[in-house]
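The values are calculated or read from the model by the stated rules, or taken from the named source; none is laboratory data. Everything numeric in this text was worked out from a predicted model, so none of it was measured. Positions of Cβ are generated from backbone atoms using ideal geometry, with glycine treated the same way; all protein chains shown enter the neighbour counts. For accessibility, only protein heavy atoms count, side chains too; no ligands or nucleic acids. Shrake-Rupley method; radii C 1.70, N 1.55, O 1.52, S 1.80 Å.
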Amino acid sequence: MNPNRRALRVPLGLLAVACLGLAGCSTASSAGSSGATSQGTSAAASTGSSGSTPATSTSAAGSASSSCSPDTLKTRTSGVLTVGTDKPAYPPYFENNNPANGKGFESAVAYAVAKQLGYATNQVKWVVVPFNSSYQPGPKRFDFDINEISITPQRAKVVDFSDGYYNVNQAVIALKGGKADGVTTIEGLKKLKFGVQVGTTSLQTIQDIVKPTQQPSVFNDTDAATKALKNGQVDAIVVDLPTAFYITGAELDNGIIVGQFPAPAKGEQFGLLMQKGSPILTCVNQAVAAIKSSGELQQITDKWLGAGAGVVTFS
């Protein structure tokens with residue numbers, strides 16, 4: 001993604017479709033999630049801020065229980081919470097290509113979780129982790145990674161996931177007046193030439209749900225897929241719905257969201273990814289549960305994301 005692109009605030013009031021993985025939202029998860037590694041426990045509830053900006057205080061936040069604190073957690077570096085994400089880090093999940101500024105949905109979530117664990121802002125260290133390597137087996141350079149990583153049973157065989165923090169729908173975007181414009185059914189999508197990022201649940205959606213007559217073109221990242229759409233190499237691309245709002249609003253002059261896929265029964269959720277057997281998994285799940293029950297995750301979601309009211313759901 002272009003690190004210099006400006007941030008786009010997805011319209012608020014559009015939360016209904018994606019459901020956003022919040023405590024008050026029923027588990028409308030979709031394909032591939034299955035909560036395979038869920039080890040969540042009841043929330044160690046505490047009231048948090050909106051989480052949009054990390055606290056400037058250098059003192060520990062003090063929200064963690066005695067068993068889940070910087071003094072007791074077995075992180076990579078004692079007293080430091082190392083968080084991974086990809087670079088560039090793009091809106092609406094991050095802003096200004098700077099995960100450490102607390103701006104953007106996932107930056108805010110990361111700091112909210114860190115606060116629940118008792119880490120002050122200056123105790124959070126960010127490292128760059130390419131998306132496609134994040135869920136590979138083996139040792140990790142981070143305590144958790146946050147990078148729109150969907151929980152899938154296949155990935156959960158080699159890494160741990162926290163409980164989901166966001167329920168996501170996949171969506172199709174295209175150019176106005178193109179072959180995909182006006183398509184409202186999955187049957188109508190079959191004849192299209194798709195582009196998609198490799199290793200994503202977006203690709204899985206094309207393969208499992210659309211089953212197009214042409215092989216999709218696979219790219220290393222969404223930027224490349226978007227350029228292929230601009231250049232007419234593909235008819236449409238598939239991304240998650242918040243990303244679809246960003247791309248059509250900020251990157252494509254004539255971009256449209258053609259529609260979104262209905263959420264499968266088990267749903268698709270983003271989770272915090274950890275090394276298999278992570279010693280902090282239970283505490284991270286407590287922190288996620290706490291920001292759900294306090295309403296902080298809802299506030300963060302409302303601030304940085306919208307969802308798909310008014311976007312056609314393919315029949």
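Quick look at the values:
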| quantity | calculated |
| --- | --- |
| Top-ranked residue in the stretch 157-190 [being under 22 Å from Val127 (Cβ atoms) and of a type in the set (A, V, I, L, M); ranked as least open to solvent (accessible area, probe 1.4 Å)] | Val159 |
| Output for the stretch 96-108, where each listed residue is in a loop (DSSP other than H, G, I, E, B) and either open to solvent by 20 Å² or more (accessible area, probe 1.4 Å) or touching a strand residue (DSSP E or B) at 6+ places or on another chain (Cβ under 9 Å) (or both) | Asn96, Asn97, Asn98, Lys103 |
| Subset tally (residues that are open to solvent by 20 Å² or more (accessible area, probe 1.4 Å), among the polar types (S, T, N, Q) and over 20 Å from Tyr135 (Cα atoms)) for the stretch 217-229 | 1 |
| Enumeration of residues in the stretch 202-216 that are in contact with a helix residue (DSSP H, G or I) (Cβ under 9 Å, 6 or more places away or on another chain) and surrounded by fewer than 16 Cβ atoms within 10 Å (Cβ to Cβ) | Lys211 |
| Unmet criterion (only one of (1) part of a helix (DSSP H, G or I); (2) farther than 30 Å from Cys68 by Cβ; (3) of a type in the set (Gly, Ala, Ser)) for Ala263 | (1) |
| Lone unmet requirement of (1) of a type outside the set (Phe, Trp, Tyr); (2) closer than 30 Å to Lys230 by Cβ; (3) touching a residue at least 40 places away in the same chain (Cβ under 8 Å) for Arg141 | (2) |
| In the stretch 111-156, residue nearest to Lys266 (Cα to Cα) [restricted to those that are part of a loop (DSSP other than H, G, I, E, B) and open to solvent by 40 Å² or more (accessible area, probe 1.4 Å)] | Pro153 |
| Tally of residues being under 29 Å from Val128 (Cβ atoms), at pLDDT below 90 and either open to solvent by 10 Å² or more (accessible area, probe 1.4 Å) or aliphatic (A, V, I, L, M) (or both) across the stretch 249-294 | 3 |
| Filtered residues of the stretch 73-95 (kept if part of a strand (DSSP E or B) and either out of contact with any Pro (no Cβ under 6 Å at 6 or more places or on another chain) or open to solvent by 10 Å² or more (accessible area, probe 1.4 Å) (or both)) | Thr77, Val80, Leu81, Thr82, Val83, Gly84 |
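Rundown of residues vs (1) in contact (Cβ under 8 Å) with a residue 24 or more places away in the chain; (2) at positive phi, yes/no style:
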position: Asp160; (1), (2): yes, no
position: Tyr165; (1), (2): yes, no
position: Ala171; (1), (2): yes, no
position: Gly177; (1), (2): yes, yes
position: Glu187; (1), (2): no, no
position: Thr201; (1), (2): yes, no
position: Gln204; (1), (2): yes, no
